[in-house]
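Here is the structure we will look at, set down as structure tokens.
The values are calculated or read from the model by the stated rules, or taken from the named source; none is laboratory data. As the structure is a computational prediction, the values presented were derived from the model and not from experiment. All Cβ positions, even for glycine, are placed from backbone atoms using ideal geometry, and neighbour counts span all protein chains on display. When the accessible area is computed, the model is the full protein with side chains, heavy atoms only, and any ligands, DNA or RNA have been set aside. Shrake-Rupley method; radii C 1.70, N 1.55, O 1.52, S 1.80 Å.
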Amino acid sequence: FGSSRLGSVKHSQNRTSFERVGSFPTGRFCAMAGGASPESTEAGYFVGIDLGVNCVVASSPTTEPNAVTVNTNDVSGRSTPAAVSYDDKLRHVGMGAEGRLMSAPKQTLSHLPLALVQSDAFHQRCQRFQWLFPSQEDGKLGPVTFDGEEFTVSPSGPLSSLLTALVTYATGTAVQPQKLCIAVHDFLTDREVAVVRDALDLSGLKPVANLLRHSDALAAAFAHSQGSALLPEGTDERVVGFVDLGASHGSVSVVRFHRPQVEDGSPKEEASAAAEFLYRCSDEVLGVQSLVLALLNEAKSRIEQKHKCTVKLQSKAGLRLANEAVHCLKQLSMLPDAEMGLEAFMPEGPDGPEIDVSVQMSRSILETAAADMLKRFKEVLAEAVAASGSSLEGVELVGGGGRVPAIQAIIRAAVGEDVPIRFGLDGASCVATGAAAWAAGRQVVPCMAASEGLLTAEELASARKRESTIQAVNDEEVLRLEKRNSLESYVYQVREWLNGKDGALLKPDIMGPFLDKVVLWFEDADMSEEPTSLKAYNDKLQEIEDFVKKEGAAYFEKKAKAFEDQEKEIEKAAEEERERRKELGMDFDKDERVMKKDDRIRLAAKNKDEGNDMFKAQKFDDAIRRYKKAIEHVSRPEVVSNLTPDEVEETKKIKVSCHLNSAQCYIKAADTAAQSGGKNAAEPFFKKAKTSCDDVLELDEKNIKAVFRRSLCWEKLGELDNALKDIKKGLAASPDDADLKKSHERLDKLLKKQKDGQKKVFSKMFG
């Protein structure tokens, strides 16, 4: 579904529905084997990947397919750049590769899902994203240098290593997914999709993988987030609009969710919903990158005019200026004015002038500079609204571009005042979540039809051999460097022991000179023309450990005795805690007793009162446990299903009180933790307190205490905007509340201080 223009694809009145499929293969697959392993009944994972310029992974265990979570990468981030970089004997993937964009731009292949096939669109993307890596007319990327050899690579090779890494974020290195769903850009041509399939083949993931368009994954994400509320009883269909303005492209779609029908045309009972696209358009021109380019070109023009120089955008200096444009756009999403500033900027490269630049920007300047993009956006929205008829219930807005005020204003003008604009989906992860939900069985849309890759069997075999060799060299180098670091760390550790309380037991007169010799050996190893081998580091570390253990035997015997005594103390304390819990009746997590409804309500009230007593005694842990027991009593199915109206109100009061008091207990615990362990130690308690406040507000949305306490939690967690929203909500219900007024004043000052600080940081960033 490609088109003649740059990355634009549109589908109108695409009336194809799809019903859920419920059976899945159970095989496990080896990442580089290119085939399936014998079937296994062990638990696995359903995995979804948003394969964009920044990739996101989500998954759910096969035992709980609806429990979709967003996975973090090797540096605990949710977003992973689609980049691979070659560095001597190392191949960096994701975050590690992005870190080399400035230091080794020609060795770093970025934006991989956009660099799959040589075409006019490829060359336009090269300019749009300021790619500095070389490419060849035959579609290969590079040349790159690895392990002393210079060569070009088919895009499917580095893409396969990226996919392998992304899957491991969800499953671990030894476990392959039960089913994998990868969401790709709508505008990819058939040839580009074929490269993705080659990458899946090279990575060994092809047998378990399906491809889905981004817009399809977005619809699946919405269906997953709604659950049974997507089509509640009495509702046969819903029409929802989606506007997704991401980094590389924007998409607008209108989806009709409805119940599948049987052959006679009547709605099928007990069936999942199906999705029908009434309109769909995806266009690279609508991506956030267009807004960034508008600011970038405006800044370029003004810098050249003022400083009488030439700004080369396809350079490291150009990348610095582009990064500043990204930060400026973020500022303009929050503030009417922003500044693009760089110190020691060298617009013409290292041989040109060095200048300090400061370019003032505003929302009006942005809107003028991005006029073509905004005009195109209006046209697409007009088509979407026309295709939806009068049945559009709301628009789900996702993606970073949705935060720009001009974008929101255009959407509002297009759909009118009566159609709500919603932000119910997480823009960063909803595509991955939708793909994972599809893999787990929430298949409201069909996957892309199976097709072959571009590479022949011979070319695949050659590429697989190349990838296997690169991976083997990389893995050995990683082990070598890890062993080197282990040796260095151990030497530092022994030095620390020597300087510690019992250092004399290590025989400093013998140990000191020995370590000095080790340091000299280590320096020689680092300076050697030929890299010191893994075996050499391993043998040296073993030699050092044996020597230290032999000469310091008395030291380690004393440490072992101290550890044994400590373990006994811990066991004694644990036994005392078990006895305490037994006395309080806290041995059982679940209450399986058969009791009357009235007895449950009575016990709930009793537990609540006991919790209050423990709170007054500063025993917050015990108080929280009592509140939980009280809530459990009145939340049991046999109680909830048989309550009179008066009892409903009574149990609601118990729940509200217990959740509210639990929040206060967590806040008190957070304050205590902060005194001993700082902000990081307090954070988990504030998160739990916020959750308790959320529970209160689900029961009583106008509860002022819950609003106030949740605002406090948001503030302590660094979410000042959310904190202020809660305070404003509280003031709307209770405008004369003194505590709310004080909080409003304090938060206003904190937000102003924060924004002033951000302005200063952004003005100096990359300087």
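Brief remarks on what is shown
- Centre separation in Å (Cα based) which lies between the range 697-755 and the range 333-351: 36
- DSSP beta bridges fully contained in the chain are about 75 percent antiparallel.
- Helix runs (DSSP H) in the chain reaching 24 Å along axis by Cα, Kyte-Doolittle at least -0.5: 288-307, 316-334, 371-388, 508-527
- For the chain, a simple Cβ point-charge model (Lys and Arg +1, Asp and Glu -1, everything else neutral) yields a dipole of about 1980 debye relative to the Cα centre.
- Accessible surface calculations at 1.4 Å, restricted to protein heavy atoms, place the chain at 49 Å² per residue.
- Estimated D of the chain in µm² per second, where Rh is the Kirkwood radius over Cα pairs and Stokes-Einstein applies at 20 °C, 1.002 mPa s: 70
- Percent carbon-and-sulfur accessible area, the range 115-175, ignoring ligands, DNA and RNA, probe 1.4 Å: 45
- Distance between modelled label sites at Glu64 and Asp546, nm, 7 Å Cα→Cβ extension: 4.9
- 10 Å binning of all Cα-Cα separations within the range 398-439, expressed as whole percents from 0 upward: 26, 43, 25, 7
- Fraction in percent of alpha-carbon pairs per bin - 10 Å, the range 387-479: 12, 22, 22, 22, 13, 9, 0
- Note on the range 647-689 and the range 517-534: Cα centroid distance 55 Å, given to the nearest whole angstrom.
- Rg/Rh for the range 394-546 stands at 1.31; both radii use Cα atoms, and Rh follows the Kirkwood definition.
- For the range 54-130: rounded, prolate or oblate by the Cα gyration tensor [a/c cutoff 1.5]: oblate
- Equivalent-ellipsoid semi-axes of the range 110-227, from the Cα gyration tensor, Å, largest first: 27, 20, 12
- Each listed q (0.19, 0.22 Å⁻¹) maps to a log10 I(q)/I(0) for the range 277-421 from the Debye sum over equal C-alpha point scatterers, namely -1.07, -1.32.
- Whole-Å semi-axes of the range 491-575's equivalent ellipsoid (Cα gyration tensor): 33, 16, 10
- Compactness of the range 609-651 as Cα Rg over 2.2 N^0.38 Å, two decimals: 1.39
- For the range 235-358, the calculated P(r) over all alpha carbon pairs, in 10 Å bins from 0 to the bin holding the longest distance, is 12, 28, 20, 14, 11, 10, 5, 1 percent.
- Its convex hull of Cα atoms gives the range 441-505 a direction-averaged projected area, equal to a quarter of the hull surface, of 10.6 nm².
- Centre separation in Å (Cα based) which lies between the range 393-461 and the range 598-620: 47
- Percentage of interatomic Cα-Cα distances in the range 65-107 larger than 16 Å: 43
- Pairs of Cα atoms farther than 21 Å apart, the range 645-741, %: 34
- Volume in Å³ per residue [convex hull over Cα atoms, computed for the range 282-326]: 68
- Descending Cα extents along the principal axes, the range 537-689, whole Å: 78, 35, 34
- Summed residue charge, Cβ within 14 Å of Asp244's Cβ, Lys/Arg positive, Asp/Glu negative: -3
- Between Asn607, Ala384, Ala554, the Cα set farthest toward the positive side of the dipole of the chain (charges on each charged residue's Cβ, about the Cα centre) is that of Asn607.
- Per-residue 3J(HN,Hα) values for the range 76-83, derived from phi via the Karplus relation 6.51 cos²θ - 1.76 cosθ + 1.60 with θ = phi - 60°, read 6, x, 8, 10, 10, x, 7, 9 Hz in sequence order (x marks Gly and Pro).
- Taking amide H as placed 1.01 Å from N in the peptide plane, Met361 has its amide H under 5 Å from the amide H of Ala338, Glu339, Met340, each at least 5 places away in sequence or on another chain.
- Based on DSSP H segments of at least four residues, each scored -39500 (n - 2.57), the chain has a per-residue ellipticity at 222 nm of -17500 deg cm²/dmol.
- Computed over the range 599-748: relative contact order in percent, which uses C-alpha pairs under 8 Å that are six or more apart: 16
- Leading residue at positive end of dipole, the range 453-534 (Cβ point charges), from Gly500, Ala463, Val478: Gly500
- For the chain, the residue among Val84, Met361, Phe122 whose Cα projects farthest onto the positive side of the dipole built from Cβ charges is Met361.
- Given 12 as the ceiling on other Cβ atoms within 10 Å, longest exposed-site-free region of the chain for GluC sites (Glu not before Pro) in DSSP loops: 593-700
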